[in-house]
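In what follows, a structure is listed as structure tokens, so that the remarks can point back to it.
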Amino acid sequence: MKHEQFDSDDVMKNIIRKGGLEQPSFNFTNTVMSKIHSPQSAAAFIYQPVISRKAWITIGALFVALCGFVFLIPPGGNSAVDLSKYILPAQQTINNALSKIAGSISFINSFSTLVIIAAAGWLLFAADKYLRRMVFTS
Amino acid sequence: MQYQDDNFYIDKILGGDTAAYASLIDKHKTMAYNIAWRILKSREDAEEIAQDSFLKVYYSLKEFKRESKFSTWLFRIVYNNTISRVRKKKLDVDSFDDENYEWMEPADTAKEMERLSQNEQKKYVNDAISRLPEEDATVITLFYMNESSIEEISTVTGLSQSNVKVKLFRSRKRLHEELQNMLKEELVDII
């Protein structure tokens, strides 16, 4: 980009340039390159996400397992599971499962529970993205 | 030594040629070092900051989006790391004595400077810059030594472009006054 002269003052410019630039040490570059190849350096500088991929998979699996667990439990609490009895329209099935999750909190309906769970998942994801951006712009 | 464009080296590094990073370091190490040195006023600390910044840049190279110049991104990291170090150490910047000077025009100051040896001129200018606040010293260094644009300086320091212009104007005035003071003292010592 072209150097801007917002206030032409070549005299001060020449004076300031007399200061020159200090030179770093002779082996500056070699020192950096040698650290690049060291495992300790890689561990110190390679970005580690706040929520790792494994953690995300675990959270997702737990959520799916929870939904599946609630879906499979018969309303009467019987231990026998007969899937054929619970093949209901999709909307009714989901509502039943979420009602069980809500439990005794009667003022929370199924839709609100779904929204809360979705919002929690989104917040986790957004927090990871935000923290990642902070690390790379710092 | 003639260097290629930064993107040439970045593409090689991302392609697996780690050795190409040495050329990028050689190209930008002097300015990176000076940004840190102007603020920290310590060769060892400035070297450490500059080297750590180059390492951080290397490991983050895949994330570099090339929306700005590589040097702007690098210098921003150096500047931020330097400021963090200053805040940790709570270094004090020498305050500027606001004495009343008999005002000389910059051209007269330049003539007075010419009487000094090259080493003395360098020392005086560097001493004067070292008395500026850290942001002002960085702005002056980038603008005059690196010929960075106002926009680039704004990106490196996080200041608005209008703020950069104001700091440039005020810093030049302060530098001029500081040099006048030093030249007066030199004259007194000689007498």
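Each reported figure results from applying straightforward, stated rules to the coordinates on display, with no laboratory input. The structure presented is a predicted model; accordingly, all values stated were derived computationally and were not measured. Quick reminder, even Gly has a Cβ in these numbers, built from the backbone with ideal geometry, and neighbours come from all protein chains shown.
Each residue of the range B:28-34 was assigned a 3J(HN,Hα) from its phi angle through the Karplus expression (A = 6.51, B = -1.76, C = 1.60, θ = phi - 60°), giving 10, 5, 5, 5, 4, 5, 5 Hz with x at Gly and Pro. Could you pull out the pairs from B:88/B:165; B:88/B:184; A:18/B:62; B:88/B:167; A:129/B:173; A:129/B:165 whose alpha carbons sit more than 32 Å apart here? Exceeds cut-off: B:88/B:184; A:18/B:62; A:129/B:173; A:129/B:165. Were the residues from residue B:62 through residue B:184 laid out at 0.36 nm apart, the gain over their Cα-Cα distance would be 38.6 nm. PRE reach from residue A:21 (point 7 Å along Cα→Cβ): which of the range B:110-152 fall under 13 Å by backbone N? Answer for the range B:110-152: B:141-148. For the peptide B:55-63, the mean number of other protein chain Cβ atoms found within 10 angstrom of a residue's Cβ is 5.
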